[in-house]
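Have a look at the structure below, then the notes.
The values are calculated or read from the model by the stated rules, or taken from the named source; none is laboratory data. None of these values were measured; they are calculated from a predicted model. Counting neighbours? That spans all protein chains shown, and the Cβs are built from the backbone with ideal geometry, glycine included.
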Amino acid sequence: MDLADTFRAVIDVLPSDWTDLELDLRLRDESRYIEAATYLVTCNAQPYSQHDWHWRILVAHHFGHAAAAPTVHGSLKLLDDARIAAEIAVRDVRSGRHEIVPMWGRPESFREEFRRLRGQ
């Protein structure tokens, strides 16, 4: 199975309230490391130094300091299209967390727009 399809399968089995996902990615051919790095820059993959795995990829569902799931999917699709063989492993999944947005001092228009976008 391709990386992008594997990632999509992982996302599909997660609970609906998942917030953060941590993946590790390992190349099968280390000679293609620099080429792979150019594709992974869009999802801000963090390289490991002296580790069995090559990159850590942080994925956010609706909010947070991580790459959005469609962006990660697109980066992995680029690796598939370039025929760079690799594997991914899920390291951590967090769910049930809520976004904290300070509302004090915000105009009502901001609050209405926030409720509309977040469904709260």
TODO: Output the residue which, of all residues in region 75-88 that are in contact (Cβ under 8 Å) with a residue 60 or more places away in the chain and not β-branched (V, I, T), is surrounded by the most Cβ atoms within 10 Å (Cβ to Cβ).
DONE: L76
- [ ] Name the single residue, out of those in region 41-63 being assigned to a strand (DSSP E or B) and of a type in the set (A, V, I, L, M, F, W, C), that is farthest from L78 (Cα to Cα).
- [x] A60
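Would you be able to tell me the number of residues in region 1-43 that are β-branched (V, I, T) and loosely packed, with under 14 Cβ neighbours inside 10 Å? Spell out the reasoning first.
As a first pass, look at region 1-43 and keep what is β-branched (V, I, T): 6, 10-11, 13, 19, 34, 38, 41-42.
From the residues that got through so far, the ones that are loosely packed, with under 14 Cβ neighbours inside 10 Å too are 13, 34, 38, 41-42.
Counting residues in region 1-43 that are β-branched (V, I, T) and loosely packed, with under 14 Cβ neighbours inside 10 Å gives 5.
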- [ ] Considering only region 5-40, state which residues are under 12 Å from the mean Cα position of the chain (by Cα) and part of a helix (DSSP H, G or I).
- [x] F7, R8, V10, I11, L40
- [ ] Scan region 21-48 and report the pairs whose first residue is in contact (Cβ under 8 Å) with a residue 24 or more places away in the chain and whose second residue is in a loop (DSSP other than H, G, I, E, B) and small (G, A, S), with Cβ atoms within less than 6 Å and a gap of 6+ or a chain change.
- [x] R28/A85
TODO: Looking at (1) touching a strand residue (DSSP E or B) at 6+ places or on another chain (Cβ under 9 Å); (2) in a loop (DSSP other than H, G, I, E, B); (3) not aliphatic (A, V, I, L, M), find the lone condition where R91 falls short.
DONE: (2)
TODO: Sort through S75, S109 and tell me the only one that's modelled with pLDDT of 85 or more and over 19 Å from the mean Cα position of the chain (by Cα).
DONE: S109
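If we scan region 50-57, do we find a residue that is within 16 Å of D92 (Cα to Cα), surrounded by 13 or more Cβ atoms within 10 Å (Cβ to Cβ), in contact (Cβ under 8 Å) with a residue 60 or more places away in the chain and aromatic (F, W, Y)? Before the answer, list the steps.
Residues of region 50-57 that are within 16 Å of D92 (Cα to Cα), as a first pass: 53, 55-57.
From what's left, surrounded by 13 or more Cβ atoms within 10 Å (Cβ to Cβ): 53, 55-57.
Applying the additional criterion that residues be in contact (Cβ under 8 Å) with a residue 60 or more places away in the chain yields none.
No, there is no match, as no residue in region 50-57 is within 16 Å of D92 (Cα to Cα), surrounded by 13 or more Cβ atoms within 10 Å (Cβ to Cβ), in contact (Cβ under 8 Å) with a residue 60 or more places away in the chain and aromatic (F, W, Y).
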